[in-house]
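J.: Shown below is the structure under consideration.
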Amino acid sequence: MSSGIIDYFKRRLGIEEKPLHPLDRRAAKHWVKQRLAHIFPELRGDPEALERAYRELDLEARPGGGRGGETIFEAILPGKL
């Protein structure tokens, strides 16, 4: 189902998703970076490379489309659609 239709019904019904709190966003980013450093040991001593890997994987929060439409963190691999 198109997210435009879902957004339309949410607006009409007065349902609004709360924005993600900056502290929650920062905690999620920290956890993901910890996992990246664990999986790729070469990133442990290089904070710039770790940040670059985080950005290249595009791990930012997105609105969910499932039941409840909660915010999700989804990995988008470079070059994959």
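The values are calculated or read from the model by the stated rules, or taken from the named source; none is laboratory data. Only a predicted model underlies this, so the values are computations on that prediction, with no experimental measurement involved. Don't worry about glycine lacking a Cβ; one is built from the backbone with ideal geometry, like all the others, and counts go over all protein chains shown.
J.: Name the single residue, out of those in region 14-39 being of a type in the set (A, V, I, L, M) and at pLDDT below 75, that is farthest from ALA53 (Cα to Cα).
T.: Selected residue: ILE15.
J.: Separate question: Could you please give the count of residues in region 33-46 that are touching a helix residue (DSSP H, G or I) at 6+ places or on another chain (Cβ under 9 Å) and in a helix (DSSP H, G or I)?
T.: Residues flagged as touching a helix residue (DSSP H, G or I) at 6+ places or on another chain (Cβ under 9 Å) and in a helix (DSSP H, G or I) within region 33-46 amount to 5.
J.: Name the single residue, out of those in region 16-32 being in a loop (DSSP other than H, G, I, E, B) and touching a residue at least 40 places away in the same chain (Cβ under 8 Å), that is surrounded by the fewest Cβ atoms within 10 Å (Cβ to Cβ).
T.: Among them, the one singled out is GLU17.
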